[in-house]
Structure formats: C-alpha cells, structure tokens
Amino acid sequence: MIKFLDLKKVNARFKEEYEDVFNRFLNSGNYILGEEVSKFESAFKLYCGTGHCIGTSNGLDALRLIFEGYKTLGKLHDGDEILVPANTYIASVLAISSANLKPILVEPDSISFNIDVHKAKSALTHKTKAILGVHLYGQLYDVHGLETLCKEQDLILIEDAAQAHGASCFDGRKAGNVSDAAAFSFYPTKNLGALGDAGAVTTNDSALAEVVYKLRNYGRATAYDNDLVGYNCRLDALQAAFLRVKLTRLDSDNQKRKSIAQQYLSLIDNDQISLPQFTHINEHVFHLFVIKNVNRDRLKSYLFENGVETFIHYPKAIHHQKAYSHLKTLHLPITSKLHNEILSLPLNTYLKSSEIEKIANLLTNFR
C-alpha cells in the first residue's frame with residue numbers, strides 16, 4: 001500500500017537534530033515562550049519578509065487573534081461581515097464566528113479552487129469590512145485581484161496561509177506577506193509541520209502585532225500587568241525549536257513537492273480526470289495534489305483496491321455542516337460540485353519515482 005502520508009517517514013531524517021533540540025530545551029529549564037520561540041519568530045518573519053511574526057498555539061488561534069486584534073484596534077466590530085471562500089476548511093470560518101463576526105461564504109473559482117474575486121465583489125455590502133483569502137491546497141489566491149478589490153473598497157485583507165508555506169507571487173512576495181495580516185498553521189501534516197499543534201501570525205502592521213503579542217499571552221503588557229482581556233494561545237517552545245530545524249529545509253522540500261507534481265502532470269493522461277492548474281509553479285507549493293472526477297468515490301475505491309491510499313479534502317461543505325445549519329439554504333453549486341468530485345493523491349518528500357509512476361498509470365487507465 002502506498003500510504004497517503006506517513007509522518008514517521010517525514011520526520012525520520014530530523015531524528016538526530018530533534019534529539020539535540022530536545023536535550024537543549026530540557027536543560028534550559030525555560031519551557032514557556034522564551035528564547036526558542038523568539039528565535040523561530042525571528043527566522044520565520046525573515047523567511048516571509050514581514051516585519052513581525054507572533055507564534056501561536058495553532059492556526060485557528062492565529063486567525064482568531066488577528067480578528068480579535070483588529071477589533072481591539074477598532075477596525076472591526078461585532079457583526080461585521082467577512083468574506084471567505086465557501087470551500088475552505090471549516091477552521092477559516094470558525095475563526096470568524098468565534099470573534100463574533102459574520103462569515104459570508106463566497107464561491108470559489110472551479111479551476112484554482114480559490115476564492116473567485118468577481119463573486120467576492122458581487123457579495124460586498126455596506127457591512128463588509130474584510131476578506132479572508134485562503135491559499136487552498138498550497139496555491140496562492142489571486143493576489144493582485146484581491147489586493148485591488150480591498151484597496152478600492154477600503155477592506156482589510158487577511159490571509160489564511162495554513163497550507164502555503166513558501167509559495168511566492170509574481171513580485172516575489174511570499175505567502176504571509178501579501179495581505180494586512182496572515183495566519184499560519186504548523187500542524188504536523190503541513191509543508192512546514194511541527195510535532196504537535198503550532199501556528200503563527202505574520203504582519204507588517206506594528207500596531208496589530210503589539211496587540212496580538214499581548215492577546216496570545218493573557219493580554220499581558222508585563223508579567224503582572226494586563227492591558228487587554230486576552231487568551232492563552234502561546235506557541236509551545238519545544239515546537240518552536242523543532243520548527244526552526246525544519247524551516248532550513250522548507251525550500252528544498254517544496255522544490256521536491258513541485259517536482260513530484262510536475263511528474264504527475266506529465267504522466268497522467270486521462271481526459272476524464274481534471275488536474276491542478278496554475279499560472280506559475282512558484283505560486284503553488286503543493287501541500288495537496290487535488291484532482292477532480294465525476295465518479296470520485298469509484299475512483300477512490302479503485303485506487304485503494306490497487307494499493308494507493310487517497311484522501312478527500314474536504315468531504316462535506318461548510319454550509320452542509322450541522323455546526324452551520326443556519327447556512328444550509330445557501331445555493332453554492334460550484335462548492336457543492338467540488339466537494340463531490342475532489343480527491344487528493346499522495347504527495348510527500350519521500351515518494352519514490354516508481355510509486356509516482358504506478359499512481360499515474362492507474363489514473364491513466366481509469367474508466
């Protein structure tokens with residue numbers, strides 16, 4: 001069986017470095033925030049090209065802190081509408097709801113899977129105050145289109161960059177630096193994955209950064225001075241240390257992912273299967289390689305029967321989830337169609353050429 005992902009294999013090459021990191025961490029006696037977190041924040045903001053990086057407990061909290069930060073600064077208020085792609089992972093929408101803001105689901109472009117800028121423009125109302133763009137599956141959203149729209153309408157632009165570590169747009173800016181503020185997840189399956197939960201906020205807005213720094217740590221200005229009603233959303237120091245090790249390999253790992261994606265694209269020859277499309281290879285880091293087929297469930301079973309494990313990201317749309325049952329009457333045909341047709345193929349840094357060829361041949365021969 002070709003597994004979809006084996007995290008033991010992903011992390012095996014870092015074993016000795018991880019052991020050194022853990023021993024250094026254990027002997028430091030400093031287990032909350034501290035030097036390890038500061039060093040990772042410095043390294044990651046340099047990597048993204050932003051003025052600030054604030055480590056957080058996970059990607060959802062990173063997003064939530066951005067929204068709460070803008071509320072603290074008076075730039076967002078309870079009940080404001082936030083446009084968000086309808087086919088994203090539910091965490092994007094949970095962050096909006098938990099900040100007492102109103103998510104407005106917008107249909108994606110059926111080719112890129114990212115938010116359709118034209119449909120976003122049509123969804124604007126006087127209550128719209130921000131757009132949460134998602135770089136879904138590792139491909140940047142339409143950076144120029146969303147930036148232009150937000151400038152024209154005086155909207156805040158926020159990135160959900162949870163799947164796009166290292167993706168670069170046409171002018172060289174990286175994910176995390178193509179908006180007013182961005183949220184990253186370092187969940188273990190990500191291109192830059194920790195060994196547990198972890199996340200970060202990146203921004204060039206010094207005022208927002210200062211607020212988020214406080215909010216993530218009980219609203220503290222100093223050890224016992226609390227300026228804000230905050231949270232406990234701190235990046236774990238040990239995860240920060242692990243992430244700093246892996247950050248040095250992120251670009252080479254992303255290059256490997258792109259190479260595998262290009263092999264898939266050149267080898268799979270089946271007009272019944274839609275393959276990923278993108279404008280430029282640097283805009284996609286292939287966190288996932290997602291194909292489409294009208295007989296998706298049969299295709300998934302066929303591949304499994306022939307020794308290939310696949311996944312569906314994601315099998316149920318947000319407006320069909322019980323948690324958002326009040327949205328069930330929304331008519332989102334593109335989103336519903338995508339959720340019924342998408343299938344993610346194995347794509348990881350240890351995948352062998354023979355395995356890629358086997359998967360491609362199976363897909364080519366599927367009818």
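The values are calculated or read from the model by the stated rules, or taken from the named source; none is laboratory data. Note that this is a predicted model, so its numbers are computed, not measured. We place every Cβ from the backbone using ideal geometry, glycine too, and count neighbours over all the protein chains shown. Quick note on the areas: whole protein, heavy atoms, side chains included, nothing else; ligands and nucleic acids left out. Shrake-Rupley method; radii C 1.70, N 1.55, O 1.52, S 1.80 Å.
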Okay, helices (runs of 4 or more DSSP H) sitting entirely in the range 225-339 with 1 or more residues that are closer than 30 Å to Ala99 by Cβ, I get 237-247, 250-267
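In this structure, does Asn306 turn out to be more than 26 Å from Lys9 (Cα to Cα) and either in contact with a Gly (Cβ under 6 Å, 6 or more places away or on another chain) or surrounded by fewer than 18 Cβ atoms within 10 Å (Cβ to Cβ) (or both)?
Working: more than 26 Å from Lys9 (Cα to Cα): no; either in contact with a Gly (Cβ under 6 Å, 6 or more places away or on another chain) or surrounded by fewer than 18 Cβ atoms within 10 Å (Cβ to Cβ) (or both): yes.
So Asn306 fails the test.
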From the option list Gln163, Gln153, single residue qualifying as open to solvent by 50 Å² or more (accessible area, probe 1.4 Å) and in contact with a Leu (Cβ under 9 Å, 6 or more places away or on another chain) is Gln153
Those residues of the range 213-235 that are among the hydrophobic types (A, V, I, L, M, F, W, C) and either open to solvent by 40 Å² or more (accessible area, probe 1.4 Å) or over 22 Å from Phe184 (Cβ atoms) (or both) come to a total of 4
Per the filter on the range 54-102, residues open to solvent by less than 20 Å² (accessible area, probe 1.4 Å), closer than 16 Å to Leu136 by Cβ and of a type outside the set (A, V, I, L, M, F, W, C) are Gly59, Pro85, Asn87, Thr88, Ser92
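In the set Ser57, Ser28, which member is small (Gly, Ala, Ser) and modelled with pLDDT of 95 or more?
Ser57
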Reported set for the range 311-367 where residues are under 30 Å from Arg249 (Cα atoms), open to solvent by less than 40 Å² (accessible area, probe 1.4 Å) and small (Gly, Ala, Ser) is Ser344, Ala360
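Yes or no, residue by residue, for (1) part of a loop (DSSP other than H, G, I, E, B); (2) in contact (Cβ under 8 Å) with a residue 60 or more places away in the chain; (3) within 19 Å of Leu247 (Cα to Cα):
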{"position": "Cys150", "(1), (2), (3)": "no, no, no"}
{"position": "Glu159", "(1), (2), (3)": "no, no, no"}
{"position": "Phe170", "(1), (2), (3)": "yes, yes, no"}
{"position": "Asn177", "(1), (2), (3)": "yes, yes, yes"}
{"position": "Phe184", "(1), (2), (3)": "no, yes, yes"}
{"position": "Ala194", "(1), (2), (3)": "yes, no, yes"}
{"position": "Ala209", "(1), (2), (3)": "no, yes, no"}
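Can you report the number of residues in the range 103-120 which are open to solvent by 40 Å² or more (accessible area, probe 1.4 Å) and either in contact with a helix residue (DSSP H, G or I) (Cβ under 6 Å, 6 or more places away or on another chain) or among the aromatic types (Phe, Trp, Tyr) (or both)? Talk me through it step by step, then tell me what you get.
Within the range 103-120, the first condition is being open to solvent by 40 Å² or more (accessible area, probe 1.4 Å), and the residues that meet it are 109-111, 118-119.
After this cut, where a residue has to be either in contact with a helix residue (DSSP H, G or I) (Cβ under 6 Å, 6 or more places away or on another chain) or among the aromatic types (Phe, Trp, Tyr) (or both) as well, the list is 110.
The qualifying residues number 1.
So that you can scan it fast, the table gives a plain yes or no per residue for (1) within 19 Å of the chain's Cα centre (by Cα); (2) part of a helix (DSSP H, G or I); (3) modelled with pLDDT of 95 or more:
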site: Glu16; (1), (2), (3): no, yes, yes
site: Ile66; (1), (2), (3): yes, yes, yes
site: Ile82; (1), (2), (3): yes, no, yes
site: Thr88; (1), (2), (3): yes, no, yes
